[in-house]
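Down below is the structure, laid out as C-alpha cells.
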Amino acid sequence: MKAAVLYEVGKPLEIKDLSIEKPREEEVLVRMKAAGVCASDNHVIHGQIPYPTPIVLGHENAAIVEEVGPNVTNVKPGDTCITSFVSSCSECDYCRTGLGNHCSRHYSDPSIQHRQFDGTFRIKDSEGTEIYQMNKLGGFAEQQIVPASSLLVIPKEVPPEVAALIGCCVTTGLGGIVNIDNIKAGSTVAVFGCGGVGLNIIQGAKMLNCLKVIAVDIFDHKLEFAYKFGATDVINAKNEDPVEKIRDITGGGVDYSFDSFGSPAIMKQAVESLAKRGTAALVGLASPSSEVDINMVDLVRNEKNIIGSFYGYGSPLVTMKKIVDMYLAGKVNIDDLVRKVFKLEEINEAFADIDKGEDGRGVIVF
Ligand code: CXF
Ligand code: ZN
C-alpha cells in the first residue's frame, strides 16, 4: 500500500510502497477515504513538534473498516469511521467521567505514542525499516492499522472530506467552545488565529448566540473568510494592536478569548483582551518548551481565568458524534472549510499551502 513517509525533519514527505500486517488483538485494518492536512502535521515536518522518524503523519481521518482483529466489538467490516487521535478505552476513570481526551490507557506509556499498544509496529518500507504511525493512526496512507478504541462509526452519507475534518479541527475548535459550561447568550468572544481550529471556535460562538465574535489574524483573506463562519468584527494584528482594538469594540474586554494558534505572545494578548472575570482558553499546541509571561496583578485584580482545552474539552468520540448529527441536520458548516482536495502524491503541495497561509483546509482524498 502507498503512504507518504516523513524520513527526516525538514524534508518533503516521500511516497513509498509499504507492507502492512494483519490487525492484532483490539486492532482494526482500515482503508483510508480522506485525511485532512493539519498545521500540527506541518509542525512535525518542520521540527516544532518533536516526533520520531520515519513516520506516517495524518491524524484527521475518515476510513472504511476492512478487517477486525480478535476482540473487536465496536466496528465491523464495511463501517464508515472517523478516527480519534486519542483512543478512549471507556473503562478508566477519565473515560468514565466524560474525559476521554485524557484516557489513562492512551497515555499510560508515552514511549509507544506512535506505535500500537503492544509496543510494536505494523508497517515497514521495502528496506524492512519499521515506520511509526502518528498517534497510532498515520492517515496519509492507503491503509492503516488503528486501535479499535479510536474509531467512531458514522452514517455513510457524511462526505469523506467532511468526516475527516471532524477528526481534528472541527472537534477541537467547536468542542473547545461549546463544551465550556455556561457560556451565556450575548457573551463576547475573541478568537486569535483563523485556521481550521479558529474558524470552528468562531462558528461555535455563533451557535451559542454570542454578541461579538472578534476574529484576529495576520492575513486579510483569512479574516474575510472568518465572516463566513460568524465573525462579527475582524482585526489584522499586523496593522493594529489587537488588545486595544478588542477593548475598544467591547468597551473593556471580552468574556472569552481563545488562542487557537499556540504561541506565548498570542496567549499573553488573549489574557490581556479579557474583561473582568473573563476566561482565556488556550487551544493551540505550542512547542513543548514554551512558557508565557502574564501579569499576576492583572489576574487577581480582574479575576481572570485561564484554561487549557485539548481535543474539544471533553470526550472526542462524544463530541464527534454530536457534530456529525449537527452536520446532517444542517447546523454546522464544514463544507466551506474544505478549500482544496489533493491526491496522496500531491501531499507536499498541500503542506506548501499551509506555509503560504491559505484559507481553510486541504484534504487528501483517496
Ligand atoms: C494535534 C496535537 C498533536 C498530536 C496530534 C494532534 N492536535 C491538533 O492538531
Ligand atoms: Zn490536527
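FYI, it's all coordinate maths here, none of it is from the lab. Please read all numbers here as calculations on a predicted model, not as lab measurements. No Cβ is skipped: glycine too gets one built from the backbone with ideal geometry, and neighbour counts run over all protein chains shown.
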Point to revise | Exceeding the 32 Å Cα-Cα cut-off - candidates Lys136/Lys228; Lys136/Lys238; Lys16/Lys76 | key: Lys136/Lys228; Lys136/Lys238
Exercise for review: Would you please give the residues with an amide H less than 5 Å from that of Ile306, counting only those at least 5 places away or on a separate chain, with H modeled from the backbone geometry?
Suggested key: Ala280
Check your understanding: When only C-alpha pairs under 8 Å and at least 6 residues apart count, what is the relative contact order of the chain, in percent?
Key -> 18
**Study point:** Global geometry of the range 71-136, whether rounded, prolate or oblate, following the gyration tensor of its Cα atoms and the 1.5 cut on a/c
**Key:** oblate
Practice item. Rounded to the nearest 500, what is the 222 nm mean residue ellipticity of the chain from helices alone, with -39500 (n - 2.57) per DSSP H run of 4+ residues and division by all residues? Key: -7500 deg cm²/dmol
Check your understanding: So which residue, out of Val283, Val162, Val324, gets the largest mean-square fluctuation from a GNM of the chain using Cα contacts under 10 Å as springs?
Key -> Val324
Check your understanding: Going down the list Lys11/Lys206; Lys2/Lys321; Lys156/Lys343, which pairs span over 32 Å between their C-alpha atoms?
Key -> Lys11/Lys206
Revision key, fill the gap. Under the rule rounded for a/c under 1.5, else prolate if a/b exceeds b/c, else oblate, using alpha carbon gyration tensor axes a ≥ b ≥ c, the range 227-308 is classed as oblate
**Study point:** the range 176-327: C-alpha gyration tensor shape, a/c 1.5 cut-off, then a/b vs b/c
**Key:** rounded
Review point. Using the 10 angstrom Cβ neighbour count as an exposure proxy, how do Leu174, Leu13, Leu328 rank, fewest first?
Key: Leu328, Leu13, Leu174
Review point. Between Asp181 and Ala329, what is the FRET efficiency for a Förster distance of 25 Å, r being their Cβ-Cβ separation, to the nearest 0.05?
Key: 0.60
Practice item. Could you please state, rounded to a whole Å, how far the C-alpha centre of the range 231-263 is from the C-alpha centre of the range 33-64? Key: 30
**Study point:** Phi-based couplings in Hz for the range 88-100 (Karplus 6.51, -1.76, 1.60; Gly and Pro marked x)
**Key:** 10, 6, 6, 10, 7, 4, 5, 4, 5, 9, x, 10, x
Review point. What is the order of Cys168, Cys89, Cys95, fewest Cβ neighbours within 10 Å to most?
Key: Cys89, Cys95, Cys168
Practice item. Hey, can you grab everything whose amide H is under 5 Å from the amide H of Cys89? Only 5+ residues off in sequence or another chain; H modelled, so Pro and N-termini drop out. Key: Arg105, His106
Revision key, fill the gap. Taking R0 as 22 Å and r as the Cβ-Cβ distance between Asn348 and Glu127, the FRET efficiency 1/(1 + (r/R0)^6), rounded to the nearest 0.05, comes to 0.55
Point to revise | Leu274 long-range amide H proximity, modeled H, under 5 Å | key: Val254
